[in-house]
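First comes the structure, then the notes that go with it.
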2 protein chains.
Amino acid sequence: MTTATNPTAQDSSGQNSAPAEGATGLLIEIDHVAIAVRDLEAAIAYYADTFGATVEHRERIDSDGVEEALIKVADSYIQLLTPVADTSPVAKYLDNKGEGIHHVGYRVADCGEALDAVKAQGYRTIDQAPRPGSRGTTVAFVHPKEAFGTLIELVQE
Amino acid sequence: MTTATNPTAQDSSGQNSAPAEGATGLLIEIDHVAIAVRDLEAAIAYYADTFGATVEHRERIDSDGVEEALIKVADSYIQLLTPVADTSPVAKYLDNKGEGIHHVGYRVADCGEALDAVKAQGYRTIDQAPRPGSRGTTVAFVHPKEAFGTLIELVQE
């Protein structure tokens, strides 16, 4: 007999263990899909003209060297992203890989908790601590190496 | 004077005209973000062990030469995708680009209507007509060339 009768009991690291089938865990929403583009106005026009989907929020994030336009889709966003500085990681991405899906942002309740869960597995992170993101969020990026080539952003609203 | 006072007035193709700021248009949800991986079991373990996010649905789609595992996140999915045939487009993608985000699926009310909206703009599509997708959906892919490098799937539940 054991007192741990709950199959989703937390272990001391705070991670869920043996989650039930279909469990959502720390990821509560696809916050956004980020598309790296060279011409932000043209990309905005593509989504508006083709799908009638229009921009809800625009922001220049100088610390990341990018300007973004957010198209709201239900509780998620399409994040159109263009570099405003040659040193931006997005500028390097465009040079190396061309336009396309750059990263996916998952909404989490607590960015620090989710980042710790990644570190607890021994996986690398790009940000060592949560930092300010766009539209007042708190964010951290996970290194794509162990995440099957996917650049993952953890986003706390 | 002209009667066309609205620069984005609706034309006879039935596309949305002059969408209000933040309008969603034809895209009603991010249906899924598809991640191309070489080892499906390892990728499933990554999301379960790191985030406590587990698989709700698995399916082999022989017509596309892939096996997929769907992790539900709110009303969206992370779609882990691996080839089961050398001729699969996903096999070619892995050979050329490696693991990573392969495409994004947007949920639409009517796949045929959304596909027609793309064609009405003169943009190429991979599928010329809607076809069966996984979990009983009806789907069509848009060519990434004009879509800023993004492979877009239109998904009708």
| remark: Counting only residues that are under 12 Å from residue B:135 (Cβ atoms) and out of contact with any helix residue (DSSP H, G or I) (no Cβ under 8 Å at 6 or more places or on another chain), the stretch B:61-78 contains a total of 2
| Restricting attention to the stretch B:125-132, does a residue exist that is at pLDDT 95 or above and within 12 Å of another protein chain (Cβ to nearest Cβ)? | yes
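Among the residues of the stretch A:64-78, count how many are more than 7 Å from chain B (Cβ to nearest Cβ) and farther than 21 Å from residue B:123 by Cα.
8
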| Positions within the stretch A:129-145 being open to solvent by 50 Å² or more (accessible area, probe 1.4 Å) and either under 20 Å from residue B:37 (Cα atoms) or of a type in the set (Lys, Arg) (or both), in sequence order | A:131, A:135, A:143, A:145
| Taking residue A:95 and the conditions (1) closer than 30 Å to residue B:113 by Cα; (2) more than 8 Å from chain B (Cβ to nearest Cβ), which numbered condition does it fall short on, given that it satisfies the others? | (1)
| Hey, residue A:117 touching a Cys at 6+ places or on another chain (Cβ under 6 Å), crowded, with 22+ Cβ neighbours inside 10 Å and of a type in the set (A, V, I, L, M) or not | no
| field | Cβ pairs under 9 Å, 6+ apart, first in the stretch A:42-63 and facing chain B (nearest Cβ under 7 Å), second of a type in the set (Val, Ile, Thr) and open to solvent by 40 Å² or more (accessible area, probe 1.4 Å) | value | A:48/B:8; A:49/B:8; A:51/B:24; A:52/B:24; A:53/B:24; A:54/B:24
| query | Does residue A:100 fit the bill of being open to solvent by less than 20 Å² (accessible area, probe 1.4 Å) and within 9 Å of another protein chain (Cβ to nearest Cβ)? | reply | yes
| query | Any idea which residue in the stretch B:61-74 is farthest from residue A:108 (Cα to Cα), counting only those that are open to solvent by 30 Å² or more (accessible area, probe 1.4 Å) and in contact with a Ser or Thr (Cβ under 9 Å, 6 or more places away or on another chain)? | reply | B:64
| at pLDDT below 95, hydroxyl-bearing (Ser, Thr, Tyr) and over 25 Å from residue A:114 (Cα atoms): does that describe residue A:50? | no
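The values are calculated or read from the model by the stated rules, or taken from the named source; none is laboratory data. Predicted model, so just to flag it, every value in this text is computed and none were measured. Cβ coordinates were reconstructed from backbone atoms using ideal geometry, including for glycine residues, and neighbour counts include every protein chain displayed. The accessibility values were calculated without ligands, DNA or RNA, using every heavy atom of the protein model including side chains. Shrake-Rupley method; radii C 1.70, N 1.55, O 1.52, S 1.80 Å.
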